[in-house]
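Every number here is computed from the coordinates shown, using simple stated rules; none is lab data. Since we're looking at a predicted model, the values are computed, not measured. Neighbour counts run over all protein chains shown; Cβ positions are idealised from the backbone, glycine included.
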Ligand SMILES: Nc1ncnc2c1ncn2[C@@H]1O[C@H](COP(=O)(O)OP(=O)(O)OP(=O)(O)O)[C@@H](O)[C@H]1O
Ligand SMILES: [Mg+2]
């Protein structure tokens, strides 16, 4: 398998704490991979290191065959690696459609974004991009509120908007940090179906951190498990569900399988 994302022995130290300890894994083209583990396991830190928000203490990371350690987050996004954040991260005072257009232009230069969103010019490019973004809003089921302010949307819609923003940059790989956080079981299941559908229609690989085990088991081809900064297991949903190390790591927490 030629890896799209190749993470090799990355460590991240915060003072005396090894938040990540020699973690190695790969994500291939057209895969949906789950990254799970109890609270504080190092999942978000892993995303921060891969997306360039923080640098690893040691280790190598390549994306699409190129080293990405030391590159700025904006550069990494332009290479086709996009992410969402654990908390909703929409621009509340912009409309839903403007939010998605910002997402679309994170892969181009800021000046281009400014010229298209900010000024009345650039007719054709603007209309084309607008149509593409409306299509993404249709896919995530919130096109009917495209002209509402993002901050005024119900929470479930804001989470869907987050997915739309991340896919708008046409990424090769999208990393999602707890896309179903705060959703009820029904909404969470719908979110899983949405992510799977977006993966299939946009042909992007997905690396997903999520505590909702049902969602993870439903949509992931493979799952990797972190505990106290260490990768303790990797395998199919069935292998992970029955892995004694995983069951032990989750002991006392709610691993619902
Ligand atoms: N900037 C930081 N400075 C110091 N320690 C940090 C920092 N960021 C994270 N940590 C610590 O690193 C460990 C891993 O945190 P991380 O946020 O990656 O966990 P997580 O797996 O995402 O957990 P959760 O499921 O609760 O979101 C925790 O012990 C956390 O307190
Ligand atoms: Mg986290």
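Using C-alpha pairs below 8 Å separated by at least 6 residues, the relative contact order for the chain is 26 percent. Here residue 236 and residue 13 are evaluated by their C-beta separation; at R0 = 41 Å the FRET efficiency comes out at 0.80.
Shown for 17, 153, 215: other C-beta atoms within 10 Å of each C-beta, ranked fewest to most, produce the order 17, 153, 215. Based on DSSP H segments of at least four residues, each scored -39500 (n - 2.57), the chain has a per-residue ellipticity at 222 nm of -11000 deg cm²/dmol.
For the options 72, 12, 172, a Gaussian network treatment of the chain with springs between C-alpha atoms closer than 10 Å singles out 72 as fluctuating the most.
For region 169-239, what class follows from the C-alpha gyration tensor (a ≥ b ≥ c being the square roots of its eigenvalues): rounded when a/c is under 1.5, otherwise prolate if a/b is larger than b/c, else oblate? Oblate.
If a/c stays under 1.5 just call it rounded; otherwise compare a/b with b/c (prolate if a/b is bigger, oblate if not). Do that for region 144-201, with a ≥ b ≥ c from the square roots of the Cα gyration tensor eigenvalues. Cα axes put region 144-201 in the oblate bin. When the chain is modelled as a GNM with alpha-carbon springs shorter than 10 Å, which of 95, 124, 106 fluctuates the most? In this elastic network of the chain, the residue with the biggest mean-square fluctuation among 95, 124, 106 is 124.
Placing R0 at 25 angstrom, the Cβ-Cβ distance between residue 200 and residue 131 gives a FRET efficiency of 0.75 after rounding to 0.05. Stretching the chain fully between residue 22 and residue 149 yields a gain of 41.4 nm (0.36 nm per residue, less the alpha carbon separation). Taking the fewest neighbouring Cβ atoms within 10 Å as the starting point, the ordered list for 218, 93 is 93, 218.
Cut-off is 10 Å between beta-carbons; in what order do 146, 221 appear when sorted fewest neighbours first?
Starting with the residue having the fewest Cβ neighbours, the order is 221, 146.
The slack in the chain from residue 94 to residue 245, taken as 0.36 nm per residue of separation less the alpha-carbon distance, amounts to 49.8 nm. Select from 59, 103, 229 the residue whose mean-square fluctuation is largest in a Gaussian network model of the chain (Cα-Cα springs shorter than 10 Å). Evaluated over the chain, the most mobile residue of the options is 59.
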